[in-house]
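Following: one structure in C-alpha cells, then a few remarks.
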Amino acid sequence: MLSPALALVYAGAVGLAFGSFLNVVIHRLPRGRRLGWSRSRCPYCGGALAAWENVPLLSYLLLRARCRRCGAPISARYPLVEAVTGLLFVLCVARFGLTGEALAGMIFCTLLVALAAIDAEHFLLPDAITLPGIAAGLLLQRWLPRTSFLDAVTGALVGAGLLILLINVWYWWRKEEGMGLGDVNMLALVGAFLGWKGVVATVAVAALAGSLTGVVLLAGRRLGLKSKLPFGVFLALGALVALFGGDRLVDAYLALGGDVSQGVVLRHTGEEAELIFGYPNRIRSEACLKLDIGGSAG
C-alpha cells in the first residue's frame, strides 16, 4: 500500500508524462497531423528530438528554452502544460484519494488542459476531443459517486442547450456569430462528467473570469470591443473549480437563497448584450459576460 506522500509523487510523475504527450496533441491535432508514435521534431528546422529532449520540464531547462540544432526558441507552453497537468493529477489524488473517482478526475483534467491550450492558440475546440470526452464522461459515471448517470445526461443537455440558446439569440440580435459549437460541445463534456451542478458552477466562474480578463485587457488597450477571447480557456478554469468544489459552491448559493432557474439572464442594452449570472439578494452583486468580448471560433 502506497503512503499518501508517495502516492502524490507518483501522481505528479504520471501527470508530467501525460502533459508531455498532451503537448504533442496540442501541436499536431489542430494542424491535421497524425498522433502516431513518430518522433517529435523541432517545428522550425524539422530535426528529430532525442529521447532526453522529451523529458518533461527538465529538458526545457537543460536546453535553455532553445532548439539545440537551430537555436529557435521553445514555446513556454511546453513546460507550462506539463507542470499544470502534473499539478492537477496531484490534486486529484489529494482530493479523492487512490480511487476510481481520482482516475476519472485525471481523465477529465487531461481533456480540459488539451482543450484550453488549443483554444488559446487557435480559437478551436476540436470535435476529436470534445465528442469522445462526452462519451467518456457518461461511461465513467460509475466511478463518479457525486453524480448519477441521469445527472450526467441532464448536465450534458443543459450545458449544450444553454450555449445553443445564447448563440442563436446573439445571432438574431447582431447578425454575427458569438461563441462557436466547440464551446457547446465542451460545456456538454463538462456536464457529462460533473452533472448539472457542475455546469452551473463552470459557467458562473467562466463568465466572471472572462469578464474580468476582458475588462483588464480593454483598460490596457490590448483588446478592442469587437475582439474575441478564447472562451474555452475560461470554461476549463470554471470546470476545474467545479471539479474540486463545484457542488459546495452551488449548495452554498442555494443556501443563501439563490434560484438556479432564475440565475441566468440575457440582458440587451443598446449596442451590447450581457449574460448575467445573478447571485442571491444577500450578496447583491452579479457576474456579467459581455458577449462582444467573449467567444470562441471552436
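The values are calculated or read from the model by the stated rules, or taken from the named source; none is laboratory data. Since we're looking at a predicted model, the values are computed, not measured. Note that each Cβ is placed from the backbone with ideal geometry, even for glycine, and that neighbours are counted across all protein chains shown.
Per-residue answers, yes or no, for (1) of a type in the set (A, V, I, L, M); (2) more than 19 Å from N23 (Cβ to Cβ); (3) touching a helix residue (DSSP H, G or I) at 6+ places or on another chain (Cβ under 7 Å):
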site	(1), (2), (3)
R77	no, no, yes
L80	yes, no, no
E101	no, yes, yes
L112	yes, no, yes
P126	no, no, yes
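Just checking, how many residues over region 115-132 are under 16 Å from F231 (Cβ atoms) and in a helix (DSSP H, G or I)? It would help to see each step written out before you state the result.
Of the residues in region 115-132, the ones under 16 Å from F231 (Cβ atoms) are 115-126, 129-130.
Among the residues that remain, those that are also in a helix (DSSP H, G or I) are: 115-122, 129-130.
Residues in region 115-132 being under 16 Å from F231 (Cβ atoms) and in a helix (DSSP H, G or I): 10 in total.
I'm told L2 meets every condition in (1) in contact (Cβ under 8 Å) with a residue 24 or more places away in the chain; (2) part of a helix (DSSP H, G or I) except one. Can you identify the failing condition by its number?
Checking L2 against (1) in contact (Cβ under 8 Å) with a residue 24 or more places away in the chain; (2) part of a helix (DSSP H, G or I), the one that fails is (2).
This table checks each residue for (1) touching a residue at least 60 places away in the same chain (Cβ under 8 Å); (2) among the aliphatic types (A, V, I, L, M); (3) within 19 Å of L80 (Cα to Cα); (4) surrounded by 14 or more Cβ atoms within 10 Å (Cβ to Cβ).
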site: G19; (1), (2), (3), (4): yes, no, yes, yes
site: S40; (1), (2), (3), (4): no, no, yes, yes
site: A48; (1), (2), (3), (4): no, yes, no, no
site: N54; (1), (2), (3), (4): no, no, yes, yes
site: L57; (1), (2), (3), (4): no, yes, yes, yes
site: C67; (1), (2), (3), (4): no, no, yes, yes
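Can you find a residue in region 231-253 that is closer than 29 Å to E101 by Cβ, surrounded by fewer than 19 Cβ atoms within 10 Å (Cβ to Cβ) and at pLDDT below 65?
No; the residues of region 231-253 include none that is closer than 29 Å to E101 by Cβ, surrounded by fewer than 19 Cβ atoms within 10 Å (Cβ to Cβ) and at pLDDT below 65.
Out of L35, L29, which single residue is of a type outside the set (S, T, N, Q) and surrounded by fewer than 18 Cβ atoms within 10 Å (Cβ to Cβ)?
Numbers: L29 fails: surrounded by fewer than 18 Cβ atoms within 10 Å (Cβ to Cβ).
So the residue among L35, L29 that is of a type outside the set (S, T, N, Q) and surrounded by fewer than 18 Cβ atoms within 10 Å (Cβ to Cβ) is L35.
If only one of F149, F193 is closer than 30 Å to G97 by Cβ, modelled with pLDDT of 85 or more and either of a type in the set (K, R) or loosely packed, with under 15 Cβ neighbours inside 10 Å (or both), which one is it?
Values: F193 fails: either of a type in the set (K, R) or loosely packed, with under 15 Cβ neighbours inside 10 Å (or both).
Checking each option against the conditions leaves just F149.
Working carefully through the options L140, L166, L162, find the one that is more than 14 Å from the chain's Cα centre (by Cα), more than 30 Å from L61 (Cβ to Cβ) and without any contact (Cβ under 8 Å) to a residue 60 or more places away in the chain. Explain how you work it out, then say what you get.
Details: L166 fails: without any contact (Cβ under 8 Å) to a residue 60 or more places away in the chain; L162 fails: without any contact (Cβ under 8 Å) to a residue 60 or more places away in the chain.
Result of the check over L140, L166, L162: L140.
Has region 66-77 got at least one residue that is among the β-branched types (V, I, T) and at pLDDT 95 or above? Can you show your working first?
Of the residues in region 66-77, the ones among the β-branched types (V, I, T) are 74.
Narrowing the set further to residues that are at pLDDT 95 or above leaves none.
No, region 66-77 contains no residue that is among the β-branched types (V, I, T) and at pLDDT 95 or above.
Would you mind stating whether I164 is assigned to a helix (DSSP H, G or I), of a type in the set (V, I, T) and over 24 Å from R77 (Cα atoms)?
yes
Find the residue count for region 39-85, including only residues that are within 17 Å of A117 (Cα to Cα), part of a helix (DSSP H, G or I) and among the hydroxyl-bearing types (S, T, Y).
Of the residues in that region, 2 qualify.
Take region 80-96 and flag every residue that is surrounded by fewer than 18 Cβ atoms within 10 Å (Cβ to Cβ) and touching a residue at least 12 places away in the same chain (Cβ under 8 Å). It would help to see each step written out before you state the result.
Here is the first cut: in region 80-96, the residues surrounded by fewer than 18 Cβ atoms within 10 Å (Cβ to Cβ) are 80, 83, 87, 94-95.
Once the filter is applied, which keeps residues that are surrounded by fewer than 18 Cβ atoms within 10 Å (Cβ to Cβ) and touching a residue at least 12 places away in the same chain (Cβ under 8 Å), region 80-96 yields A83, L87, A94, R95.
Considering only residues that are small (G, A, S) and outside any helix (DSSP H, G or I), which ones fall in region 86-114? Spell out the reasoning first.
Just the residues of region 86-114 that are small (G, A, S), to begin with: 86, 94, 97, 100, 102, 104-105, 114.
Listed by number, the list holds a single entry, G97.
Given the condition out of contact with any Asp or Glu (no Cβ under 7 Å at 6 or more places or on another chain), of a type in the set (V, I, T) and at pLDDT below 85, answer yes or no: does some residue in region 168-184 qualify? Even if it seems obvious, please write down each step before you answer.
Pass one, region 168-184, residues out of contact with any Asp or Glu (no Cβ under 7 Å at 6 or more places or on another chain): 168-170, 172-184.
Next cut, of a type in the set (V, I, T) only: 169, 184.
Those left that are additionally at pLDDT below 85: 169.
Scanning region 168-184 turns up at least one residue that is out of contact with any Asp or Glu (no Cβ under 7 Å at 6 or more places or on another chain), of a type in the set (V, I, T) and at pLDDT below 85.
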